[in-house]
Amino acid sequence: MLVYVIRRLSQSLVVVAVMAALVFVGVYAIGNPIDMMVSPDATPAEMQAAMERLGLDEPLWKQFFVFIGNMLQGDMGTSFVHNEPALELILQRLPATMELAACAMLIATLVGVPLGVIAGLRSEGPTGKTIMAGSIFGFSLPNFWQGLMLIMLFAVILGWLPAGGRGETAPLFGVQISFLTVDGLTHLLLPAINVALYKTALVIRLARAGTREVMMMDYVKFARAKGLHPRRVILVHMLKNILIPVVTVLGLELGNVIAFAVVTETVFAWPGMGKLLIDSIVNLDRPVVVAYLMLTVLVFILINFLVDLAYSALDPRVRLTESKG
Amino acid sequence: MSEATEIHPGEVHIGDVDEVAETAYAPKAEPPVTRFWREFRQSPVAVLGLAVVVVITLAAVFAPFITPQNPYDLAQLSILEGRLPPMSQSMDGMTYWLGTDDQGRDMLSAIIYGLRISLGIGAMSTFIAVLIGGSLGLLAAYYGGRIESLIMRVVDLQLSFPAILVALILLAVLGRGVDKVLIALVIVQWAYYARTIRGQALVERRKEYIEAARCLALSDRRIVFRHLLPNCLPPVIVVGTVQVANAIALEATLSFLGVGVPITEPSLGLLISNGYGYMLSGDYWISFFPGIALVIAVVSLNLVGDQLRDVLNPRLQR
């Protein structure tokens with residue numbers, strides 16, 4: 001197991017280095033770094049000062065090490081708009097996005113797994129076909145449009161839920177969370193459903209495919225032949241094996257949820273990282289964009305790493321083949 | 001029933017006698033196009049989807065001739081007729097079937113012009129991405145070795161990040177514009193084709209006809225382009241059809257977020273974004289109808305793509 005962890009970890013570090021180099025090339029070599037790092041309305045004297053401060057008069061390879069050095073110390077520049085360190089700004093918005101992502105994952109799992117198992121058990125019947133037809137809509141309709149329709153239906157026409165914002169928050173371990181207040185929950189519900197729709201469709205497909213595969217297995221046939229109650233066969237014998245692919249894909253999807261939260265957060269004016277990114281792109285607040293990019297890359301690589309570890313713990317065959325090769 | 005055993009088991013439906021008879025007694029040398037169409041039309045939903053795709057493509061191509069108004073000719077717009085609900089009459093007797101936006105623009109005309117931009121960007125970006133990704137995938141599969149591992153590493157790396165994130169970052173660096181959206185969509189998509197075509201080429205490469213071509217001492221170029229490539233195309237066509245839909249949806253999303261096309265060339269996504277503010281005050285149509293047009297385009301392309309996958313890939317036939 002240790003060998004596997006070390007191998008995977010070194011692979012991840014290589015990817016981090018490659019991404020850092022790409023970001024460096026994108027920002028410093030292709031774009032004009034002064035435009036990226038200094039406010040567009042700075043005077044020539046200010047620009048010169050900034051160039052020296054940022055070390056832009058140094059050769060490119062030296063700049064690369066400065067860039068990496070600053071990043072390792074968590075210094076990713078200062079936002080022009082908010083005049084705060086970019087990293088801090090993003091970290092302040094992190095809880096809101098994480099809360100949204102966690103709720104969406106919860107909804108996707110709680111709704112998707114049962115529906116998928118039912119669709120798998122009755123794949124030829126009308127129930128299964130209806131569930132699958134519904135999941136196609138979750139896949140093919142653009143996410144932001146689903147969000148707009150949710151707002152139109154529940155906020156404008158029915159007036160049940162608020163159309164945007166985060167609502168009242170309550171502190172939990174020093175972090176402001178909407179989950180704990182009624183007002184916050186009503187604000188959270190629509191965006192969370194919006195993020196969850198696509199994931200639910202995905203979970204339904206995975207659970208259905210898993211169910212159909214597992215149903216044919218000898219141990220399930222044996223459990224049935226033994227005269228176990230169908231509920232026990234499904235919940236104890238089948239569910240565990242259905243959940244393996246679901247867990248992997250959902251873990252990988254956590255990164256996607258954070259990325260797609262950009263869309264939902266903009267539609268619902270949810271004050272998370274994604275909305276910050278869009279605002280920063282529109283306002284040309286580039287240090288924040290760069291910091292967001294690097295942070296997201298790190299999160300993605302971390303998630304991929306953890307999912308692989310979890311997967312190898314659940315299914316030892318992966319570990320064995322990997323360490324041989 | 002010796003004929004029946006020859007046909008693919010997936011095509012036999014119990015009780016569907018006509019079907020079996022038609023398949024069993026079909027002439028041996030049925031042209032591929034006929035066979036393709038016979039299998040394609042077995043799903044009425046997919047045929048409907050195809051019809052819709054054809055209609056919206058024609059509407060987009062001939063937009064200037066069929067729209068009641070040129071939505072970007074300011075002389076034809078009257079701001080006094082702004083935000084009229086659907087079915088209202090204009091002062092010169094024209095009917096605004098889908099209402100008008102805040103500048104008095106006929107929504108139906110704006111949607112058809114928007115469809116033109118959305119479909120254009122979707123199709124164009126997919127086409128370029130197929131060319132680039134396909135060539136690289138083919139290169140990787142045919143030569144193998146270092147070239148292959150380099151190309152496939154880049155593909156893996158890129159596919160580990162979600163498309164929307166890659167596109168957003170590219171547009172943050174490049175700025176707004178139709179050409180920039182096109183570049184971003186090509187970069188986002190090429191990796192799918194590289195992977196698809198490589199996978200297929202690796203399978204095809206080991207088949208006997210390639211070996212035969214090698215024995216005839218044909219040039220590498222001839223083998224790759226005349227023998228290998230045509231046999232790798234079916235999965236690319238399938239991925240491509242679905243990808244056009246995805247590209248259209250992604251472009252709409254980017255434009256909705258305000259980082260996509262400029263306001264001078266409003267695609268469906270930008271129309272939706274422009275109407276979004278009015279939706280909360282109850283003027284739903286400015287945002288709603290472009291959204292419906294977008295959904296119709298995306299869903300019908302997906303339906304066609306799904307059926308193409310079933311027809312072109314014998315392993316997936318149920």
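The values are calculated or read from the model by the stated rules, or taken from the named source; none is laboratory data. These numbers come from a predicted model, not from an experiment. Backbone-built Cβ (ideal geometry, glycine too); neighbour counts: all protein chains shown. All accessible areas refer to the heavy atoms of the entire protein, side chains included, with ligands and DNA or RNA removed. Shrake-Rupley method; radii C 1.70, N 1.55, O 1.52, S 1.80 Å.
Points to keep in mind about this one:
- The condition (being within 14 Å of chain A (Cβ to nearest Cβ), surrounded by 18 or more Cβ atoms within 10 Å (Cβ to Cβ) and not charged (D, E, K, R)) is satisfied by just one residue among B:A141, B:A172, B:A129: B:A172.
- Qualifying residue in the stretch B:3-14 (condition: open to solvent by 40 Å² or more (accessible area, probe 1.4 Å), modelled with pLDDT of 80 or more and part of a helix (DSSP H, G or I)): no
- Filter pass, B:L254 being modelled with pLDDT of 85 or more and over 26 Å from the mean Cα position of the chain (by Cα): no
- Residues satisfying the stated conditions in the stretch A:254-273, i.e. assigned to a helix (DSSP H, G or I), more than 9 Å from chain B (Cβ to nearest Cβ) and out of contact with any Pro (no Cβ under 6 Å at 6 or more places or on another chain): A:L254, A:V257, A:A261, A:E265, A:M273
- Selection count where residues are open to solvent by 30 Å² or more (accessible area, probe 1.4 Å) and within 15 Å of the chain's Cα centre (by Cα), scope the stretch B:37-52: 3
- Filter result for the condition that a residue is within 26 Å of A:V113 (Cα to Cα), among the small types (G, A, S) and at pLDDT below 85, over A:G227, A:G165, A:G184: A:G227
- Checked against (1) open to solvent by less than 30 Å² (accessible area, probe 1.4 Å); (2) within 14 Å of another protein chain (Cβ to nearest Cβ); (3) at pLDDT below 80; (4) assigned to a helix (DSSP H, G or I), A:L150 meets all criteria but (3).
- Residues of the stretch B:175-204 satisfying the condition of being β-branched (V, I, T), under 13 Å from B:L138 (Cα atoms) and either open to solvent by 40 Å² or more (accessible area, probe 1.4 Å) or modelled with pLDDT under 85 (or both): B:V203
- Among the candidates A:D285, A:D308, the residue that is touching a helix residue (DSSP H, G or I) at 6+ places or on another chain (Cβ under 9 Å) and either β-branched (V, I, T) or open to solvent by less than 20 Å² (accessible area, probe 1.4 Å) (or both) is uniquely A:D285.
- Any hit, the stretch A:225-244, residues being in a helix (DSSP H, G or I), out of contact with any helix residue (DSSP H, G or I) (no Cβ under 6 Å at 6 or more places or on another chain), open to solvent by 50 Å² or more (accessible area, probe 1.4 Å) and under 30 Å from A:M149 (Cα atoms): no
- Of the residues making up the stretch B:224-257, those that are surrounded by fewer than 21 Cβ atoms within 10 Å (Cβ to Cβ) and without any contact (Cβ under 8 Å) to a residue 60 or more places away in the chain are B:F225, B:R226, B:H227, B:P230, B:N231, B:L233.
- Complete set of residues in the stretch A:113-147 that are open to solvent by 20 Å² or more (accessible area, probe 1.4 Å) and within 12 Å of chain B (Cβ to nearest Cβ): A:S123, A:E124, A:M132, A:A133, A:I136, A:F137, A:F139, A:L141, A:N143, A:W145
- Filtered residues of the stretch B:260-306 (kept if facing another protein chain (nearest Cβ under 10 Å), over 27 Å from B:I237 (Cα atoms) and assigned to a helix (DSSP H, G or I)): B:I272, B:S273, B:G275, B:Y276, B:M279, B:S287, B:F288, B:P290
- Some residue of the stretch A:82-95 being modelled with pLDDT of 85 or more and either within 14 Å of another protein chain (Cβ to nearest Cβ) or under 28 Å from A:P230 (Cβ atoms) (or both): no
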